[in-house]
Amino acid sequence: MTERPSHRAQLIGSVAVGLVIVAVAIAIVTATFGPTSAAELESLEKRQKERTERLEERLEHEERLREERREGRD
């Protein structure tokens, strides 16, 4: 005959399995979405802003060149 595990052993086993499930779930979510810190978000926003500013500056420069060419023709 087999002995039944005590209540305490069942409780400890259940808690251990629960902790393993939680740890695996956290690992999967973190691997899927990745950690996104505030610093990473700020860095991304800063790069986007700098890219936009460079584009605006280039467009303004091109517009000045067009105006200078038009003035040169007159």
Of all residues in region 1-12 being part of a helix (DSSP H, G or I) and modelled with pLDDT under 90, the one that is surrounded by the most Cβ atoms within 10 Å (Cβ to Cβ) = Ala9
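Table: residues versus (1) of a type in the set (Asp, Glu); (2) at pLDDT 90 or above; (3) surrounded by fewer than 10 Cβ atoms within 10 Å (Cβ to Cβ).
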| position | (1), (2), (3) |
| --- | --- |
| Ser14 | no, yes, no |
| Ala25 | no, yes, no |
| Phe33 | no, no, yes |
| Ser37 | no, no, yes |
| Leu44 | no, no, no |
| Glu50 | yes, yes, no |
| Arg58 | no, yes, no |
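The values are calculated or read from the model by the stated rules, or taken from the named source; none is laboratory data. Treat the numbers as computed from the prediction; the structure is a model and nothing was measured. When we count neighbours, we look across all protein chains shown, and the Cβ atoms used for this are built from the backbone with ideal geometry, even at glycine.
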